[in-house]
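The values are calculated or read from the model by the stated rules, or taken from the named source; none is laboratory data. Computed from a prediction, not measured in an experiment: that's the story for all the values here. Every residue, glycine among them, receives a Cβ derived from its backbone with ideal geometry; neighbour counts consider all protein chains shown. The area values use the complete protein model at the heavy-atom level, side chains included, leaving out ligands, DNA and RNA. Shrake-Rupley method; radii C 1.70, N 1.55, O 1.52, S 1.80 Å.
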Amino acid sequence: MPTEERRGLLYVGLAALLFSTSPVFIRWADPMSPFFKTWGRMLVGAIAVGYVAWYTRRRAPLTARNVETAPGHARPALRFLMYGAIAAIHFFCALASLNFTTPAHSLSIIYTAPLFVTLLSAWLLKEPIRPRQWAGVGVAVLGVSILAGLEPRFSWGMALGDGLALVSAIAFGFYSVAGRYERARYPLLMYASRVYAVAALWLIIPALLSLPSMPAEAWGWRQIGSVVALGLGPLALGHTLYNAALRKVHATYVNIIASQEVTGGIILSWLLLAEVPSPNSIIGAAVTLVGIGLVLR
């Protein structure tokens, strides 16, 4: 395997570890509204990555070849409006789904995303995937599905949570393909900070409208600190590493490895939220690892 691909796999492995902290911080930020949590994390992430991008550019100015004269630069504002909307939908729906279901159930549905990433990569980026790797995607998604298990009870609230998670999965597919598509046009930090900032702009009005419904307890130090942590850890560092990996490795492989957020999220929810994993969660994590192995062979 080429060195660049190994580096990309390392990046996404670290990103998955950081993603795993999201369910815990999201729960700790309650009773903030989902819109305000999502807006806050996007704003913090945009400021953090934007500052690093500005500092890096100041130290080593970008050349015209990097950005303004890159191929396909037409209508960048419209593209980033679209990318920001996709990111806002993904992050909001992922976060909101946790109001209706458990982290294991939400994450397992969100990480059907490799199917959408594979289809979109083949359609939009013309990046084929070999039959054995299709099998690996199927096994990995099966493992993620096992993590959810057979739900013995049904409610309309749970159905809503499932629907939000599925929308998040589809948006994550588009988000992943967009990050790979723009790899030759924009430096990583500039691209990531712009996407986070535009997502925050899309969310600002819903966030402000949600303020009257938020109780005083939503402004505690734990809640504010959790939103800042979401912006700095899983987003500013985690998703920027994820986007870095997309520049070096096929989007499907990156997304499959990122699906181990499910395993990490279940473990951290057990340790920090007292949500004990079921046997099917453990079996599902093991099956997912087998699928990842097939994809990477």
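Here are some notes:
- Search result, residues across the range 245-263 that are within 13 Å of the chain's Cα centre (by Cα) and open to solvent by 10 Å² or more (accessible area, probe 1.4 Å): Ile257, Gln260, Glu261
- Considering residues of the range 1-18 that are open to solvent by 70 Å² or more (accessible area, probe 1.4 Å) and assigned to a helix (DSSP H, G or I) only, the residue farthest from Thr101 (Cα to Cα): Thr3
- For beta carbons closer than 6 Å, sequence separation of 6+ or different chains, a first residue in the range 221-241 that is touching a residue at least 60 places away in the same chain (Cβ under 8 Å) and a second that is among the hydroxyl-bearing types (Ser, Thr, Tyr) and surrounded by 24 or more Cβ atoms within 10 Å (Cβ to Cβ), the qualifying pairs are Pro234/Ser22.
- Qualifying residue in the range 257-274 (condition: in contact (Cβ under 8 Å) with a residue 40 or more places away in the chain, within 25 Å of Trp123 (Cα to Cα), touching an Asp or Glu at 6+ places or on another chain (Cβ under 8 Å) and not acidic (Asp, Glu)): no
- Residue check for Leu43: under 16 Å from the mean Cα position of the chain (by Cα), under 21 Å from Ile170 (Cβ atoms) and either at pLDDT 85 or above or exposed (fewer than 14 other Cβ atoms within 10 Å of the Cβ) (or both): no
- Flag if Ala88 is at pLDDT 95 or above, surrounded by 12 or more Cβ atoms within 10 Å (Cβ to Cβ) and not charged (D, E, K, R): yes
- Close pairs from the range 9-36: first within 20 Å of Pro114 (Cα to Cα), partner surrounded by fewer than 23 Cβ atoms within 10 Å (Cβ to Cβ) and of a type in the set (D, E, K, R), Cβ under 8 Å, at least 6 apart: Tyr11/Lys248
- Residue match in the range 25-40 (condition: modelled with pLDDT under 90, part of a helix (DSSP H, G or I), aromatic (Phe, Trp, Tyr) and over 24 Å from Gly284 (Cβ atoms)): no
- Members of the range 193-227 that are open to solvent by 60 Å² or more (accessible area, probe 1.4 Å), of a type outside the set (A, V, I, L, M, F, W, C) and farther than 19 Å from Arg27 by Cβ: Arg194, Pro212
- Close pairs (7 angstrom Cβ cut-off, 6 or more residues apart or separate chains): within 14 Å of Met190 (Cα to Cα) and of a type in the set (A, V, I, L, M) in the range 71-85, at pLDDT 80 or above and in a helix (DSSP H, G or I) anywhere: none
- Unmet requirement for Thr21, which otherwise passes all of (1) closer than 25 Å to Ala96 by Cα; (2) surrounded by fewer than 23 Cβ atoms within 10 Å (Cβ to Cβ); (3) at pLDDT below 85: (3)
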